[in-house]
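So the structure is just underneath, and the comments pick up after that.
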Amino acid sequence: MRGRAWAGWALIIAVALLCAWQLLWVGRHWAQVRSVTTPRGSTAPAVTIPLIDGGELRVEGTRGAPLVLAFWATWCAPCRAELPSIDRLHRRLGPAARIVAVNIDGAPVDEALRYRVRAFARELDLTLPIALDGGAAASAYHVETIPHTVVIDGDGRVRAVLEGVHDEAELARAIDDARVTPSR
Amino acid sequence: MSAAEEAPGFFARVGGVLIAPRATMAEAARAPVGQGTGDVAWLVAARLVATHAPALVRAGLRGVDLGPAAALMGLFGVVQSALPDVLLILVGGVLMSLFSGGAARRAPSLATSLDLAAYAWIPYFAIELLALLVASALGHELSHAQQVAVDAAALLWAAVVWGVALVALRGRAA
(Lines give C-alpha, C1' and ligand atoms only; values in the text may rest on other atoms or scores of the structure.)
Protein backbone atom coordinates (compact mmCIF):
# COMPACT_ATOMS: atom_id res chain seq x y z
CA MET A 1 0.00 0.00 0.00
CA ARG A 2 2.91 2.33 0.87
CA GLY A 3 4.47 1.76 -2.55
CA ARG A 4 1.20 2.71 -4.22
CA ALA A 5 1.01 5.91 -2.17
CA TRP A 6 4.51 6.86 -3.35
CA ALA A 7 3.37 6.56 -6.96
CA GLY A 8 0.45 8.85 -6.14
CA TRP A 9 2.76 11.33 -4.48
CA ALA A 10 5.10 11.22 -7.50
CA LEU A 11 2.17 12.09 -9.75
CA ILE A 12 1.12 15.04 -7.62
CA ILE A 13 4.73 16.25 -7.32
CA ALA A 14 4.98 16.14 -11.12
CA VAL A 15 1.81 18.27 -11.35
CA ALA A 16 3.25 20.71 -8.80
CA LEU A 17 6.54 20.89 -10.73
CA LEU A 18 4.75 21.66 -13.97
CA CYS A 19 2.63 24.26 -12.23
CA ALA A 20 5.76 25.91 -10.75
CA TRP A 21 7.36 25.83 -14.21
CA GLN A 22 4.34 27.59 -15.73
CA LEU A 23 4.25 30.22 -12.97
CA LEU A 24 7.98 30.82 -13.47
CA TRP A 25 7.24 31.37 -17.18
CA VAL A 26 4.49 33.84 -16.23
CA GLY A 27 6.97 35.72 -14.02
CA ARG A 28 9.60 35.87 -16.77
CA HIS A 29 7.08 36.96 -19.42
CA TRP A 30 5.01 39.21 -17.19
CA ALA A 31 4.81 42.09 -19.65
CA GLN A 32 3.46 39.75 -22.32
CA VAL A 33 0.96 38.13 -19.93
CA ARG A 34 -0.08 41.48 -18.47
CA SER A 35 -0.94 43.05 -21.81
CA VAL A 36 -4.44 41.59 -21.85
CA THR A 37 -5.98 44.76 -23.17
CA THR A 38 -5.02 48.15 -24.49
CA PRO A 39 -4.48 50.22 -21.33
CA ARG A 40 -6.80 53.18 -20.92
CA GLY A 41 -4.95 56.47 -21.39
CA SER A 42 -2.26 54.85 -23.53
CA THR A 43 -1.56 56.05 -27.06
CA ALA A 44 -3.73 54.11 -29.48
CA PRO A 45 -1.54 51.65 -31.45
CA ALA A 46 -0.90 52.95 -34.97
CA VAL A 47 -2.57 50.74 -37.56
CA THR A 48 -3.75 51.10 -41.13
CA ILE A 49 -6.77 49.05 -42.14
CA PRO A 50 -8.28 48.91 -45.65
CA LEU A 51 -11.91 50.02 -45.89
CA ILE A 52 -14.36 47.82 -47.76
CA ASP A 53 -15.43 50.63 -50.11
CA GLY A 54 -11.88 51.70 -50.92
CA GLY A 55 -9.37 53.86 -49.11
CA GLU A 56 -8.01 53.04 -45.70
CA LEU A 57 -8.46 53.85 -42.05
CA ARG A 58 -5.31 55.24 -40.46
CA VAL A 59 -5.19 55.22 -36.69
CA GLU A 60 -2.20 57.34 -35.87
CA GLY A 61 -2.21 60.50 -33.78
CA THR A 62 -5.93 60.96 -34.40
CA ARG A 63 -7.02 64.55 -34.03
CA GLY A 64 -10.54 65.89 -33.72
CA ALA A 65 -13.60 63.73 -33.12
CA PRO A 66 -13.39 60.50 -31.11
CA LEU A 67 -12.75 57.34 -33.10
CA VAL A 68 -14.55 54.11 -32.27
CA LEU A 69 -13.19 50.77 -33.49
CA ALA A 70 -15.85 48.08 -33.18
CA PHE A 71 -14.20 44.71 -33.83
CA TRP A 72 -16.57 42.02 -35.11
CA ALA A 73 -16.91 39.01 -37.42
CA THR A 74 -19.68 37.65 -39.63
CA TRP A 75 -19.80 34.34 -37.68
CA CYS A 76 -20.16 36.10 -34.31
CA ALA A 77 -23.77 35.99 -33.08
CA PRO A 78 -23.30 38.61 -30.31
CA CYS A 79 -21.75 40.95 -32.93
CA ARG A 80 -24.83 40.47 -35.11
CA ALA A 81 -26.94 41.52 -32.12
CA GLU A 82 -24.78 44.54 -31.29
CA LEU A 83 -23.95 46.01 -34.70
CA PRO A 84 -27.41 47.53 -35.41
CA SER A 85 -27.22 49.62 -32.23
CA ILE A 86 -23.68 50.76 -33.12
CA ASP A 87 -24.96 51.70 -36.56
CA ARG A 88 -27.85 53.69 -35.04
CA LEU A 89 -25.29 55.57 -32.93
CA HIS A 90 -23.23 56.24 -36.04
CA ARG A 91 -26.28 57.76 -37.77
CA ARG A 92 -27.26 59.75 -34.67
CA LEU A 93 -23.83 61.24 -33.90
CA GLY A 94 -22.83 61.97 -37.48
CA PRO A 95 -19.51 63.79 -37.65
CA ALA A 96 -19.35 64.14 -33.83
CA ALA A 97 -17.69 60.70 -33.71
CA ARG A 98 -16.10 58.44 -36.29
CA ILE A 99 -17.38 54.91 -35.77
CA VAL A 100 -15.84 52.13 -37.82
CA ALA A 101 -16.83 48.46 -37.78
CA VAL A 102 -13.58 46.49 -38.06
CA ASN A 103 -14.22 43.02 -39.47
CA ILE A 104 -11.81 40.34 -38.30
CA ASP A 105 -13.08 37.35 -40.28
CA GLY A 106 -9.40 36.98 -41.10
CA ALA A 107 -6.85 36.83 -43.86
CA PRO A 108 -6.79 36.85 -46.78
CA VAL A 109 -8.63 40.12 -47.27
CA ASP A 110 -9.86 39.27 -50.75
CA GLU A 111 -12.94 39.60 -52.96
CA ALA A 112 -14.63 36.61 -51.33
CA LEU A 113 -14.37 38.28 -47.93
CA ARG A 114 -15.59 41.60 -49.34
CA TYR A 115 -18.59 39.85 -50.87
CA ARG A 116 -19.41 38.07 -47.59
CA VAL A 117 -19.08 41.21 -45.49
CA ARG A 118 -21.12 43.31 -47.95
CA ALA A 119 -23.90 40.72 -47.90
CA PHE A 120 -23.84 40.76 -44.11
CA ALA A 121 -23.96 44.59 -44.00
CA ARG A 122 -26.86 44.64 -46.48
CA GLU A 123 -28.76 42.11 -44.40
CA LEU A 124 -28.42 44.27 -41.26
CA ASP A 125 -28.84 47.50 -43.21
CA LEU A 126 -25.52 48.85 -41.89
CA THR A 127 -24.41 52.28 -43.04
CA LEU A 128 -21.27 52.80 -40.97
CA PRO A 129 -17.83 52.43 -42.57
CA ILE A 130 -16.47 48.89 -42.51
CA ALA A 131 -12.76 48.07 -42.38
CA LEU A 132 -11.31 44.65 -43.18
CA ASP A 133 -8.54 43.64 -40.80
CA GLY A 134 -6.22 40.83 -41.81
CA GLY A 135 -5.18 40.39 -38.17
CA ALA A 136 -2.71 43.20 -37.52
CA ALA A 137 -5.20 45.58 -35.88
CA ALA A 138 -6.82 42.85 -33.78
CA SER A 139 -3.39 41.86 -32.56
CA ALA A 140 -2.30 45.46 -31.87
CA TYR A 141 -5.48 46.05 -29.83
CA HIS A 142 -5.33 42.69 -27.98
CA VAL A 143 -8.67 41.52 -29.34
CA GLU A 144 -9.19 38.07 -27.80
CA THR A 145 -12.98 37.94 -27.83
CA ILE A 146 -15.60 39.79 -29.86
CA PRO A 147 -17.50 42.06 -29.80
CA HIS A 148 -14.60 44.25 -28.68
CA THR A 149 -14.95 48.02 -28.93
CA VAL A 150 -12.20 50.58 -28.45
CA VAL A 151 -12.95 54.28 -27.99
CA ILE A 152 -10.08 56.63 -28.89
CA ASP A 153 -10.25 60.31 -28.01
CA GLY A 154 -9.27 63.28 -30.15
CA ASP A 155 -5.72 63.17 -28.81
CA GLY A 156 -5.24 59.62 -30.08
CA ARG A 157 -5.46 58.02 -26.64
CA VAL A 158 -7.50 54.97 -25.71
CA ARG A 159 -10.35 56.08 -23.45
CA ALA A 160 -12.46 52.94 -23.15
CA VAL A 161 -12.30 49.25 -24.02
CA LEU A 162 -15.65 47.48 -24.04
CA GLU A 163 -15.80 43.70 -24.25
CA GLY A 164 -18.99 41.84 -25.02
CA VAL A 165 -22.32 43.28 -26.10
CA HIS A 166 -23.04 46.83 -24.93
CA ASP A 167 -26.14 48.84 -25.64
CA GLU A 168 -26.32 52.11 -27.52
CA ALA A 169 -26.48 54.19 -24.32
CA GLU A 170 -23.33 52.64 -22.86
CA LEU A 171 -21.33 53.26 -26.01
CA ALA A 172 -22.73 56.80 -26.29
CA ARG A 173 -21.57 57.49 -22.72
CA ALA A 174 -18.07 56.19 -23.50
CA ILE A 175 -17.91 58.44 -26.58
CA ASP A 176 -19.17 61.42 -24.56
CA ASP A 177 -16.45 60.80 -21.98
CA ALA A 178 -13.85 60.69 -24.73
CA ARG A 179 -15.14 64.02 -26.08
CA VAL A 180 -15.47 65.91 -22.84
CA THR A 181 -12.69 64.83 -20.51
CA PRO A 182 -9.15 65.78 -21.50
CA SER A 183 -6.94 62.69 -21.42
CA ARG A 184 -3.68 62.53 -19.53
CA MET B 1 -4.48 -4.91 10.48
CA SER B 2 -7.69 -2.95 11.03
CA ALA B 3 -10.22 -2.15 8.32
CA ALA B 4 -9.29 1.54 8.55
CA GLU B 5 -5.63 0.72 7.83
CA GLU B 6 -6.61 -1.41 4.84
CA ALA B 7 -8.67 1.31 3.14
CA PRO B 8 -6.32 2.99 0.66
CA GLY B 9 -6.02 6.75 0.85
CA PHE B 10 -6.14 9.19 -2.07
CA PHE B 11 -2.45 8.83 -2.98
CA ALA B 12 -2.56 5.03 -2.75
CA ARG B 13 -5.67 4.90 -4.92
CA VAL B 14 -4.25 7.22 -7.57
CA GLY B 15 -0.76 5.69 -7.51
CA GLY B 16 -2.16 2.17 -7.37
CA VAL B 17 -3.79 2.59 -10.78
CA LEU B 18 -0.30 3.10 -12.22
CA ILE B 19 1.69 0.40 -10.44
CA ALA B 20 -0.89 -2.15 -9.27
CA PRO B 21 -3.95 -1.68 -11.49
CA ARG B 22 -5.48 -5.13 -10.89
CA ALA B 23 -5.57 -4.85 -7.09
CA THR B 24 -6.51 -1.17 -7.17
CA MET B 25 -9.39 -1.69 -9.60
CA ALA B 26 -10.67 -4.65 -7.57
CA GLU B 27 -10.73 -2.38 -4.51
CA ALA B 28 -12.27 0.48 -6.48
CA ALA B 29 -15.08 -1.79 -7.71
CA ARG B 30 -16.09 -2.33 -4.08
CA ALA B 31 -15.44 1.24 -2.94
CA PRO B 32 -18.24 3.72 -2.17
CA VAL B 33 -19.87 5.17 -5.28
CA GLY B 34 -18.38 8.51 -6.35
CA GLN B 35 -14.90 7.91 -4.96
CA GLY B 36 -13.24 7.48 -8.35
CA THR B 37 -14.87 10.47 -10.03
CA GLY B 38 -14.12 12.55 -6.92
CA ASP B 39 -10.42 11.61 -6.96
CA VAL B 40 -10.10 12.23 -10.67
CA ALA B 41 -11.98 15.55 -10.51
CA TRP B 42 -9.12 16.81 -8.33
CA LEU B 43 -6.58 15.55 -10.86
CA VAL B 44 -8.42 17.20 -13.78
CA ALA B 45 -8.49 20.50 -11.87
CA ALA B 46 -4.78 20.14 -11.01
CA ARG B 47 -4.02 19.41 -14.65
CA LEU B 48 -5.86 22.57 -15.75
CA VAL B 49 -3.86 24.68 -13.30
CA ALA B 50 -0.58 23.00 -14.22
CA THR B 51 -1.03 23.29 -17.98
CA HIS B 52 -2.95 26.57 -18.25
CA ALA B 53 -1.47 28.74 -15.50
CA PRO B 54 -0.68 31.66 -17.88
CA ALA B 55 -4.23 31.59 -19.29
CA LEU B 56 -5.68 31.53 -15.78
CA VAL B 57 -3.52 34.49 -14.75
CA ARG B 58 -4.62 36.33 -17.90
CA ALA B 59 -8.27 35.57 -17.11
CA GLY B 60 -7.75 37.15 -13.68
CA LEU B 61 -6.06 40.19 -15.20
CA ARG B 62 -8.86 40.54 -17.76
CA GLY B 63 -11.26 40.53 -14.84
CA VAL B 64 -9.37 43.40 -13.23
CA ASP B 65 -9.12 45.39 -16.46
CA LEU B 66 -12.41 44.60 -18.17
CA GLY B 67 -14.76 43.27 -15.50
CA PRO B 68 -15.95 39.88 -14.25
CA ALA B 69 -17.58 38.92 -17.56
CA ALA B 70 -14.21 39.08 -19.33
CA ALA B 71 -12.62 36.99 -16.55
CA LEU B 72 -15.38 34.39 -16.87
CA MET B 73 -14.90 34.19 -20.63
CA GLY B 74 -11.18 33.56 -20.10
CA LEU B 75 -11.94 30.97 -17.43
CA PHE B 76 -14.48 29.29 -19.69
CA GLY B 77 -11.83 28.97 -22.39
CA VAL B 78 -9.52 27.16 -19.94
CA VAL B 79 -12.24 24.89 -18.56
CA GLN B 80 -13.24 23.99 -22.13
CA SER B 81 -9.85 22.37 -22.65
CA ALA B 82 -10.79 19.70 -20.07
CA LEU B 83 -13.85 18.62 -22.07
CA PRO B 84 -12.04 15.89 -24.09
CA ASP B 85 -10.85 14.30 -20.83
CA VAL B 86 -14.35 14.43 -19.33
CA LEU B 87 -15.81 13.02 -22.54
CA LEU B 88 -13.23 10.20 -22.56
CA ILE B 89 -14.21 9.27 -19.00
CA LEU B 90 -17.94 9.45 -19.74
CA VAL B 91 -17.70 7.31 -22.87
CA GLY B 92 -15.40 4.88 -21.03
CA GLY B 93 -17.90 4.67 -18.18
CA VAL B 94 -20.92 4.07 -20.40
CA LEU B 95 -19.09 1.40 -22.43
CA MET B 96 -17.91 -0.27 -19.23
CA SER B 97 -21.46 -0.33 -17.94
CA LEU B 98 -22.66 -1.91 -21.20
CA PHE B 99 -19.98 -4.60 -21.13
CA SER B 100 -20.15 -5.28 -17.43
CA GLY B 101 -22.53 -8.20 -17.56
CA GLY B 102 -26.04 -6.84 -17.70
CA ALA B 103 -28.84 -6.59 -15.17
CA ALA B 104 -29.24 -10.37 -14.96
CA ARG B 105 -25.81 -10.58 -13.36
CA ARG B 106 -26.51 -7.91 -10.74
CA ALA B 107 -24.88 -5.31 -12.95
CA PRO B 108 -23.09 -2.57 -11.06
CA SER B 109 -24.51 0.86 -11.36
CA LEU B 110 -23.40 3.28 -14.04
CA ALA B 111 -21.87 5.38 -11.25
CA THR B 112 -19.43 2.60 -10.34
CA SER B 113 -18.55 2.15 -14.02
CA LEU B 114 -17.85 5.87 -14.21
CA ASP B 115 -15.65 5.63 -11.11
CA LEU B 116 -13.56 2.89 -12.67
CA ALA B 117 -13.42 4.65 -16.06
CA ALA B 118 -12.23 7.76 -14.24
CA TYR B 119 -9.41 5.77 -12.62
CA ALA B 120 -8.56 4.31 -16.03
CA TRP B 121 -7.95 7.88 -17.24
CA ILE B 122 -5.05 8.29 -14.78
CA PRO B 123 -2.44 6.48 -16.96
CA TYR B 124 -3.39 8.78 -19.87
CA PHE B 125 -2.92 11.75 -17.55
CA ALA B 126 0.42 10.41 -16.26
CA ILE B 127 1.93 9.91 -19.73
CA GLU B 128 0.77 13.31 -21.01
CA LEU B 129 2.11 14.94 -17.84
CA LEU B 130 5.47 13.21 -18.15
CA ALA B 131 5.77 14.28 -21.80
CA LEU B 132 4.96 17.89 -20.88
CA LEU B 133 7.52 17.85 -18.07
CA VAL B 134 10.24 16.46 -20.34
CA ALA B 135 9.41 18.99 -23.06
CA SER B 136 9.46 21.84 -20.53
CA ALA B 137 12.79 20.65 -19.11
CA LEU B 138 14.28 20.45 -22.60
CA GLY B 139 12.85 23.87 -23.40
CA HIS B 140 11.01 23.01 -26.60
CA GLU B 141 7.54 21.95 -27.62
CA LEU B 142 6.79 18.45 -28.84
CA SER B 143 6.71 18.00 -32.60
CA HIS B 144 3.50 16.75 -34.19
CA ALA B 145 4.93 13.25 -34.59
CA GLN B 146 6.13 13.19 -30.99
CA GLN B 147 2.73 14.37 -29.75
CA VAL B 148 0.98 11.65 -31.76
CA ALA B 149 3.32 9.02 -30.28
CA VAL B 150 2.69 10.33 -26.74
CA ASP B 151 -1.09 10.37 -27.29
CA ALA B 152 -1.04 6.84 -28.68
CA ALA B 153 1.02 5.51 -25.77
CA ALA B 154 -1.20 7.31 -23.26
CA LEU B 155 -4.42 6.00 -24.82
CA LEU B 156 -3.01 2.47 -25.12
CA TRP B 157 -2.06 2.33 -21.43
CA ALA B 158 -5.43 3.81 -20.45
CA ALA B 159 -7.22 1.23 -22.61
CA VAL B 160 -5.30 -1.63 -20.96
CA VAL B 161 -6.19 -0.31 -17.48
CA TRP B 162 -9.81 0.16 -18.63
CA GLY B 163 -9.82 -3.51 -19.60
CA VAL B 164 -8.43 -4.45 -16.19
CA ALA B 165 -11.18 -2.35 -14.58
CA LEU B 166 -13.84 -4.09 -16.67
CA VAL B 167 -12.57 -7.50 -15.53
CA ALA B 168 -12.69 -6.30 -11.90
CA LEU B 169 -16.22 -5.00 -12.39
CA ARG B 170 -17.44 -8.22 -14.00
CA GLY B 171 -15.77 -10.15 -11.15
CA ARG B 172 -17.71 -8.10 -8.65
CA ALA B 173 -20.96 -8.50 -10.55
CA ALA B 174 -20.61 -12.28 -10.96
Carbon and sulfur: what percent of segment B:29-70's accessible surface (1.4 Å probe)?
-> 71
For the protein assembly as shown, share of DSSP beta bridges that run antiparallel, in % to the nearest 5 | 65
In segment B:119-156, which residues become less accessible by 20 Å² or more once every protein chain is in place, relative to the chain on its own, using a 1.4 Å probe?
-> B:Phe125, B:Leu129, B:Leu133, B:Ser136
Using a 1.4 angstrom probe on heavy atoms only, work out the carbon and sulfur share of the accessible area of segment A:1-103 in %.
-> 61
Could you give the length gained on full extension between A:Glu56 and A:Ala10, defined as 0.36 nm per residue of separation minus the Cα-Cα distance, in nm?
-> 10.7 nm
Helix A:2-28 sits at what angle to the longest principal axis of chain A, using alpha carbons and giving 0 to 90 degrees rounded to 10?
-> 40
Checked against the positive end of the charge dipole of segment B:77-174 (+1 on Cβ of Lys and Arg, -1 on Cβ of Asp and Glu, about the Cα centre), the farthest of B:Ala131, B:Ala145, B:Leu116 is B:Leu116
Take chain B, connect every pair of alpha-carbon atoms lying under 10 Å apart with a spring to form a Gaussian network, then pick out the residue of B:Ala31, B:Ala152, B:Ala137 with the largest mean-square fluctuation.
-> B:Ala137
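Nearest 0.05, what FRET efficiency do B:Val86 and A:Arg118 give at R0 = 41 Å with Cβ-Cβ as r? Display every interim value, and only then the final one.
Numbers: r = 42 Å, r/R0 = 1.02.
It comes to 0.50.
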Answer with one residue from B:Ser97, B:Gly74, B:Ala46: the one whose Cα lies farthest towards the positive end of the charge dipole of segment B:44-120, charges on Cβ with Lys, Arg +1 and Asp, Glu -1.
-> B:Ser97
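Filter chain B for me: DSSP H helices, axial length by Cα at least 27 angstrom, mean Kyte-Doolittle hydropathy not below 0.5. List them by residue number.
Values: long enough: B:35-66 (40 Å, 0.62); B:110-138 (42 Å, 1.60); B:144-173 (42 Å, 1.10).
For chain B, where a helix must reach 27 Å along its axis and average at least 0.5, the hits are B:35-66, B:110-138, B:144-173.
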Hull volume per residue for segment B:21-60, using the convex hull of the C-alpha atoms, in Å³ is 59
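Go ahead and estimate [θ] at 222 nm for the protein assembly as shown from helices alone: -39,500 (n - 2.57) per DSSP H run with n ≥ 4, summed, over the residue count, rounded to 500.
Details: 14 runs with 225 residues, N = 358.
Calculated mean residue ellipticity at 222 nm is -21000 deg cm²/dmol.
Under the definition of Cα pairs under 8 Å and six or more residues apart, what whole-number percent is the relative contact order of chain A?
Values: 290 pairs, mean separation 52.9, N = 184.
29 percent.
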Find the relative contact order for chain B and round it to a whole percent, using C-alpha pairs within less than 8 Å whose residues are 6+ positions apart.
-> 30
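Need one number: buried accessible surface between chains A and B, 1.4 Å probe, both sides summed, DNA, RNA and ligands left out, in Å² to 100. Intermediate results must be reported in sequence, preceding the final value.
Working: alone 10620 and 10130 Å², together 17750 Å².
Approximately 3000 Å² gets buried when A meets B.
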Listed residues B:Ser100, B:Ser109, B:Ser143, most fluctuating in chain B (Gaussian network, C-alpha, under 10 Å) | B:Ser143
Any idea of the accessible area per residue across chain A, 1.4 Å probe, to the nearest Å²?
-> 49
Just going by the charge dipole of chain A, with Lys and Arg at +1 and Asp and Glu at -1 on Cβ, which of A:Leu89, A:Trp6, A:His29 is farthest out on the positive end?
-> A:Trp6
Amide H partners (placed H, <5 Å) of A:Ala160, local residues excluded = A:Val151
Given a 1.4 Å probe, the accessible area of segment B:12-141 per residue, as a whole number of Å², is 46
Restricting to Cα pairs under 8 Å and 6 or more apart, the percent relative contact order of segment B:11-107 works out to 15
Name the residues whose placed amide hydrogens come within less than 5 Å of the amide hydrogen of A:Leu57, ignoring near sequence neighbours (fewer than 5 apart) on the same chain.
-> A:Ile49, A:Leu51
Return the distance in nm (one decimal) between the two label points of a simple spin-label model at A:Leu23 and A:Ala140, each offset 7 Å from Cα along Cα→Cβ.
-> 3.7
Of all DSSP beta bridges with both partners in chain A, the antiparallel percent, nearest 5, is 65
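Which order, highest average first, do A:67-76, A:114-123 follow once you tally other Cβ atoms within 10 Å for each residue and take the mean per peptide?
Details: A:67-76: 21.7, A:114-123: 14.4.
Descending mean neighbour count gives A:67-76, A:114-123.
Using the Cβ atoms and a cut-off under 14 Å, what net charge is assigned to the surroundings of B:Gly92, where Lys and Arg are +1 and Asp and Glu are -1?
On the way: positive: none; negative: B:Asp85, B:Asp115.
Within the 14 Å Cβ shell, the charges total -2.
The values are calculated or read from the model by the stated rules, or taken from the named source; none is laboratory data. For clarity, every value in this text was computed on a predicted model and none was experimentally measured. Please note: Cβ atoms are built from the backbone with ideal geometry, for glycine as well, and neighbour counts cover all protein chains shown. These area figures cover heavy atoms from the full protein model, side chains too; ligands, DNA and RNA do not enter into them. Shrake-Rupley method; radii C 1.70, N 1.55, O 1.52, S 1.80 Å.
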